[in-house]
Each structure stands twice: as C-alpha cells, then as structure tokens.
Amino acid sequence: MEMQLNDKIRDNHFALQMDEATDNNKDCLLITYVRFIDADDLREDLLFCKLVTKRATADELFKIIDTYLKEADLKWDDCVGSAQMELSNGR
C-alpha cells in the first residue's frame, strides 16, 4: 500500500503535513500526511509514521522527512507546501 501511494505521488505535486505524537511508551513519533490530486480529487493519506530516536528538533525532523523522501524516490521539487501541527521544540 505504501508503494502504491508513493507511485501515485511520484513526479506529481504534493503537500506535506507533519504532526508529532507520543505513544504509550512515551516514544516520540513523527506522523506525516501527504495531500495530492488524484483524478481531479484532493486526497489526504498517511505517508509515514517514524520513531524519533533523538531530540525532536526541527533539524532532526527534517532529516527524517528528507531520508524518507529519498528512499521513496520522491522529490522536494514536487513538494508545493508543508504545514506543521503543534510540533514541539523537543522532547
């Protein structure tokens, strides 16, 4: 399912929305959603949820997102926007 989503947004414009959450073990998670146009419909899907193993700084969160995009062969040039929901200054 993840590969199908990445295939849909690859080489198309998309926007990212990030949120930070804490699970029951008090582990910090970076949740990233993607918005894109699919057959003239605006869609939003969960792109990934990653454990933040270091302090949740803006630089660290960017590295997690950047690594994911590179591994999925998605290009920053296709990202037309990003939003952050209540991201903290660290944990």
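The values are calculated or read from the model by the stated rules, or taken from the named source; none is laboratory data. Treat the numbers as computed from the prediction; the structure is a model and nothing was measured. Counting neighbours? That spans all protein chains shown, and the Cβs are built from the backbone with ideal geometry, glycine included.
Taken as a whole, the structure places ILE31 among residues that are within 15 Å of GLU2 (Cβ to Cβ) and within 14 Å of the chain's Cα centre (by Cα).
Determine if segment 72-80 includes at least one residue that is free of Cβ contacts under 8 Å to residues at least 60 places away in the same chain and assigned to a helix (DSSP H, G or I). Yes, because at least one residue in segment 72-80 is free of Cβ contacts under 8 Å to residues at least 60 places away in the same chain and assigned to a helix (DSSP H, G or I).
Taking segment 6-28, which residues are closer than 14 Å to ARG43 by Cβ and in contact (Cβ under 8 Å) with a residue 40 or more places away in the chain?
Step one: filter segment 6-28 for residues closer than 14 Å to ARG43 by Cβ, giving 6-9, 12-17.
ASN6, ILE9, ASN12, HIS13, PHE14, ALA15, LEU16, GLN17, listed by residue number.
Filtered by the rule that a residue be out of contact with any helix residue (DSSP H, G or I) (no Cβ under 7 Å at 6 or more places or on another chain) and either at pLDDT 95 or above or exposed (fewer than 14 other Cβ atoms within 10 Å of the Cβ) (or both), segment 48-59 gives CYS49, LEU51, THR53, ARG55, ALA58, ASP59. Only residues that are crowded, with 16+ Cβ neighbours inside 10 Å and not charged (D, E, K, R) were counted across segment 34-45, and they come to 2.
Mind counting the residues in segment 34-53 that are more than 11 Å from the chain's Cα centre (by Cα) and closer than 17 Å to CYS79 by Cβ? Don't jump to the end; show me each part of the working.
Going through segment 34-53, the residues more than 11 Å from the chain's Cα centre (by Cα) turn out to be 36-44, 51-53.
Going one step further and asking which of them are closer than 17 Å to CYS79 by Cβ, we end up with 36-38, 42-44.
Going through segment 34-53 one residue at a time, the tally reaches 6.
Looking across segment 8-33 at every residue that is under 15 Å from ALA72 (Cα atoms) and of a type in the set (D, E, K, R), the one that is surrounded by the most Cβ atoms within 10 Å (Cβ to Cβ) is identified as LYS8.
Restricting THR32, THR53 to residues that are without any contact (Cβ under 8 Å) to a residue 12 or more places away in the chain, farther than 16 Å from HIS13 by Cβ and outside any helix (DSSP H, G or I) narrows the list to THR53.
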